[in-house]
Amino acid sequence: MSVDNEAGRLKTEADEPGWEVDPDDEWGVAVIATVGRQLKLRRESVRMRAADFGVAVGYGEDLVYKIEGGKRIPRQEYLDKADEVLGAGGLIAATWEDVKKVRYPKKVRDLAQIEAKAVELQLYDPLNVHGLLQTPEYARGLLLMRRPAYTEDEVERFIAARVARKAVFERDPAPELSFVLEEWALRRPLGGRTALRRQLEHLLEVGQLRNVELQVMPMDREEHAGLAGGIEVLKFEDGSAVGRSPAVANGRPVSELKQLRILELRYGIIRAQALTPRESLAFIEQLLGET
């Protein structure tokens, strides 16, 4: 490979891997800055120039400086390769344990932490399949439709974050999960028919779990208590709860008893107006046959 071709390859790859650090994420900034400093000190201790190090790990010099300067979040393969090139004996590779805790946007991490503590979740999304139920293909379809458009890097990051949130299904003891889905969200082929089929198949799988109840709100209902927007109510072991809805407190999380009662009342009525869990699974199976 010629020098020009090699430089072009490294420059292209430098533009792709890694994630930008959110300057408002203080913890994330601190972690990535610390990891970057360790990488730089280790590289300098073996007297290797950034350009040579970039060639050795297969990335451009620009990305090396960004990671060492705490401006970009390194991927796991970057840290593993750096560990090998610098002979760090696993010390650099081990920093992935810290990096992976801040690789997702702060608001997503905060949400995942709250979900991880809840013993009961009541969730209604009037527009799409709820994020906890989305397959990666369906999530990609939604993210690619955002305008102004996300970059490919941002799309991959958000998909990874949504997949990580699904750890809530693997907890032991498992929380009680209740979802109300709109029929039109289950019919709309976002991302293509194949992606929709896989999404419907996934819903049927999740709907079989003993701690999960899926209910579908049919389009032919003449009464609907959820027209004011989505609802999220999370309850915790100590009896406390937190809720959120565009119709209450402008969408900010609330924990006041009066506001929580409003959300729970609306959610309860929505559930009563929707198909039962058994009817809903049969309905989803019928939609799958039609897709």
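The values are calculated or read from the model by the stated rules, or taken from the named source; none is laboratory data. These figures come from a predicted structure and were not determined experimentally. Note: ideal-geometry Cβ built from the backbone for every residue, glycine included; neighbour counts use all protein chains shown.
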### Task
Please work out which residue is farthest from Q215 (Cα to Cα), limiting yourself to segment 260-290 and to residues that are without any contact (Cβ under 8 Å) to a residue 60 or more places away in the chain and among the basic types (K, R).
R261
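From the list E176, E156, E182, exactly one residue is charged (D, E, K, R) and either touching a residue at least 60 places away in the same chain (Cβ under 8 Å) or more than 20 Å from L263 (Cα to Cα) (or both). Which is it?
Being charged (D, E, K, R) and either touching a residue at least 60 places away in the same chain (Cβ under 8 Å) or more than 20 Å from L263 (Cα to Cα) (or both) holds for just one of E176, E156, E182, which is E156.
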### Message
For segment 73-107, give me each residue that is more than 30 Å from R252 (Cα to Cα) and in contact with a Lys or Arg (Cβ under 7 Å, 6 or more places away or on another chain).
### Response
L86, A88, I92
#### Entry: Which listed residue, of L190, L186, L227, is modelled with pLDDT under 95 and within 21 Å of the chain's Cα centre (by Cα)
L190
### Message
Looking at segment 247-291 only, could you name the residues that are out of contact with any strand residue (DSSP E or B) (no Cβ under 9 Å at 6 or more places or on another chain), outside any helix (DSSP H, G or I) and closer than 16 Å to D125 by Cα?
### Response
none
### Query
Checking F53 against (1) at pLDDT below 95; (2) in a helix (DSSP H, G or I), which single condition isn't satisfied?
(1)
## Note on the structure
Per the list (1) at pLDDT below 95; (2) on the phi < 0 side of the Ramachandran plot, residue check on G239 breaks on (2)
### Task
From E232, E213, E237, grab the single residue that is loosely packed, with under 13 Cβ neighbours inside 10 Å, in contact with a strand residue (DSSP E or B) (Cβ under 7 Å, 6 or more places away or on another chain) and of a type in the set (D, E, K, R).
E237
### Task
State which residue is surrounded by the fewest Cβ atoms within 10 Å (Cβ to Cβ) when the search covers only segment 240-258 and only residues that are among the basic types (K, R) and within 16 Å of G268 (Cα to Cα).
K258
### Task
Mind telling me which of the residues D15, D110, D22 ends up being assigned by TED's automatic domain parsing to the domain that holds F158 and modelled with pLDDT under 95?
D110
### Subset of segment 101-116 (residues that are loosely packed, with under 15 Cβ neighbours inside 10 Å and not aliphatic (A, V, I, L, M))
K101, K106, K107, D110, Q113
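Residue-by-condition table, conditions (1) surrounded by fewer than 14 Cβ atoms within 10 Å (Cβ to Cβ); (2) in a helix (DSSP H, G or I); (3) not polar (S, T, N, Q):
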{"position": "A139", "(1), (2), (3)": "no, yes, yes"}
{"position": "L143", "(1), (2), (3)": "no, yes, yes"}
{"position": "R146", "(1), (2), (3)": "yes, no, yes"}
{"position": "A149", "(1), (2), (3)": "yes, no, yes"}
{"position": "E156", "(1), (2), (3)": "no, yes, yes"}
{"position": "I159", "(1), (2), (3)": "no, yes, yes"}
{"position": "A164", "(1), (2), (3)": "no, yes, yes"}
{"position": "V168", "(1), (2), (3)": "no, yes, yes"}
{"position": "A174", "(1), (2), (3)": "no, no, yes"}
### Message
Residues to consider are S245, S255; find the one that is in the same structural domain as G141 (by TED's automatic domain parsing), of a type in the set (S, T, N, Q) and within 27 Å of E137 (Cα to Cα).
### Response
S245
